[in-house]
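Chemist: Input: one structure, supplied below.
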Amino acid sequence: MTSTPKPASTDAQDILADVGDAWLWALGWALATLVPGVIVLVWPQETLHVLGVVIGLHFLLGGVFSFVSAFSRSYRDSGSRLMRILLAFGSVLVGVMCLRHPMQTIAVLSLVVGVFWLLSGLVTVYIAIADRGRAHRGLTFGVGVLGVVAGIVVLGYPAESAVALARLLGLWLLLLGVAEVAVALALRSADRRDLQASDMPPL
């Protein structure tokens, strides 16, 4: 007797969960972090306006990725999911602030980015510690710590020019992007192991 294939879910939360669980989604966020880092490192002499636009777009994309990822099945705890959703809205807010012309001063851009990285890093560290059933807790914890350090450095570093700020933000975006790539590859490896295990004949 052959089993009929399970129909694809049309529920919005299930669809978001499927997308958020995909390692390609995690890789997409890693690239959305790496690319702006490379851009501002390669062209650090660009104006503060351009830097604000690049960083603003990065945070807007970050809000989308964080919102979808919040519905992934890896977030079993409703509190962690809620914090992730709030972080998504915060990322969108930071992106809008960076894109606004009145906000584009070196001091304000440093403050906004530094505070968000610090808070998002603390949230990620909390999730890694509180959710004991979470896969790859070590990597999640490492990404969170890196975010905390990035926030502290950006807040404490007296960037006196757009070039200095671009180099600083570009470096941290690059480091954070590499860490996110490691998370995506770990998810890919876990998916392959699960697939191989499901294909094994019963004992």
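The values are calculated or read from the model by the stated rules, or taken from the named source; none is laboratory data. Not measured: the values here are computed from a predicted model. With ideal geometry, Cβ positions are generated from the backbone for all residues, glycine too; neighbour counts draw on all protein chains shown. Surface accessibility is based on the protein's heavy atoms, side chains included, excluding ligands, DNA and RNA. Shrake-Rupley method; radii C 1.70, N 1.55, O 1.52, S 1.80 Å.
Chemist: Step by step: find N for region 38-192, compute 2.2 N^0.38 Å, then divide the Cα radius of gyration by it. What's the final number?
Modeler: Against the compact-globule rule of thumb, the ratio is 1.05.
Chemist: How many nm separate the modelled label positions at Phe89 and Leu185, each set 7 Å beyond the Cα in the direction of the Cβ?
Modeler: About 3.7 nm, to one decimal.
Chemist: Where the accessible area of region 19-150 is counted over protein heavy atoms with a 1.4 Å probe, how much of it, in %, is carbon and sulfur?
Modeler: After summing per-atom areas, the C and S share lands at 76 percent.
Chemist: Let me ask something additional. Contour minus end-to-end for Glu160 and Ala130, with contour as 0.36 nm per residue of separation and end-to-end as the Cα-Cα distance?
Modeler: 6.9 nm
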